[in-house]
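The values are calculated or read from the model by the stated rules, or taken from the named source; none is laboratory data. For clarity, every value in this text was computed on a predicted model and none was experimentally measured. Ideal geometry is used to build each Cβ from the backbone, glycine not excepted, and the neighbour counts take in all protein chains shown. Just so you know, the surface numbers come from the protein's heavy atoms only, side chains and all, with ligands and any DNA or RNA stripped out. Shrake-Rupley method; radii C 1.70, N 1.55, O 1.52, S 1.80 Å.
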Amino acid sequence: MEMDSTRRKLLYDFLGIGAAALAGTPVVGETVQEKKAPAKGEEQEPEVTATEDLMREHGVIRRALLVYFEVVPKIRHDASSIDAAALRQVAQLFRTFGEDYHERMLEEQHIFPLVRKRGGELERYADILTEQHQRGREVTDYVLTVTSGARISVAHAEPLAKVLDSFVLMYANHAAREDTIVFPAWKRNFSNKRLDEIGDEFEEIEHKMFGKDGFEDAEKKIARIEMNLGFSDLAQFTPPPPPKP
């Protein structure tokens with residue numbers, strides 16, 4: 001199915017996020033601590049740093065958004081063909097992992113307050129990003145409501161498609177600014193040693209909230225959703241070769 005220009009631009013925004021994420025990920029100069037000695041015969045796994053933790057959580061959020069992106073044309077074509085329960089699971093994952101944990105517990109409590117103190121454009125970014133978090137929660141409430149039945153009704157099809165399209169576009173730009181502007185500005189406030197300590201604090205918050213590794217659980221959940229909706233095979237997204245000039 002050919003994408004119209006608006007949805008093509010939306011996909012390009014996602015591609016831009018991927019590049020931005022790589023550019024913003026700290027590699028050189030990060031100190032990696034060891035949590036405990038590995039068992040005999042096992043390799044030591046390096047600790048996840050605070051910035052890496054934020055970035056990989058964005059990865060789960062992006063995969064949820066890409067599910068929204070992929071189902072929009074299907075909703076418009078035949079809403080009754082969509083597994084409403086699977087779409088509802090995406091919204092539930094976005095609520096618990098994306099909004100209640102990543103946004104409320106990390107960004108709004110630990111990232112934005114410090115960035116906001118820098119004033120100027122950074123303060124404006126923190127305010128806008130917080131407003132967009134709230135709008136996203138309204139969107140999630142709406143998605144949870146219209147997917148509460150076995151099927152998405154015809155009356156909800158086009159409004160839901162429009163809501164998901166606009167939400168994906170907003171969050172694509174939202175996460176790109178966080179990855180390339182906000183997170184680097186926040187990271188510059190700390191030494192590598194302190195960033196390692198913050199990574200431990202983030203992990204403690206995660207365990208208190210989920211009782212386990214929240215990231216690994218969220219990744220497994222989005223993988224199952226992708227499987228149920230037919231989006232799990234990465235190869236299907238490889239485009240054909242371009243025409244010869």
Check on D53, surrounded by fewer than 17 Cβ atoms within 10 Å (Cβ to Cβ) and part of a helix (DSSP H, G or I): no
Residues of the stretch 191-216 that turn out to be in contact with a helix residue (DSSP H, G or I) (Cβ under 7 Å, 6 or more places away or on another chain) and closer than 17 Å to L114 by Cβ, as a count: 5
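Just for the stretch 228-245: of the residues that are in a helix (DSSP H, G or I) and closer than 17 Å to F69 by Cβ, which one is most open to solvent (accessible area, probe 1.4 Å)?
L234
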G199 vs (1) within 14 Å of A50 (Cβ to Cβ); (2) at pLDDT 95 or above; (3) not β-branched (V, I, T): all pass except (2)
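For the stretch 109-210, list the helices (runs of 4 or more DSSP H) that sit wholly inside it and hold at least 3 residues that are open to solvent by less than 40 Å² (accessible area, probe 1.4 Å); which are they?
Hits in the stretch 109-210: 120-146, 154-177, 183-187, 192-210.
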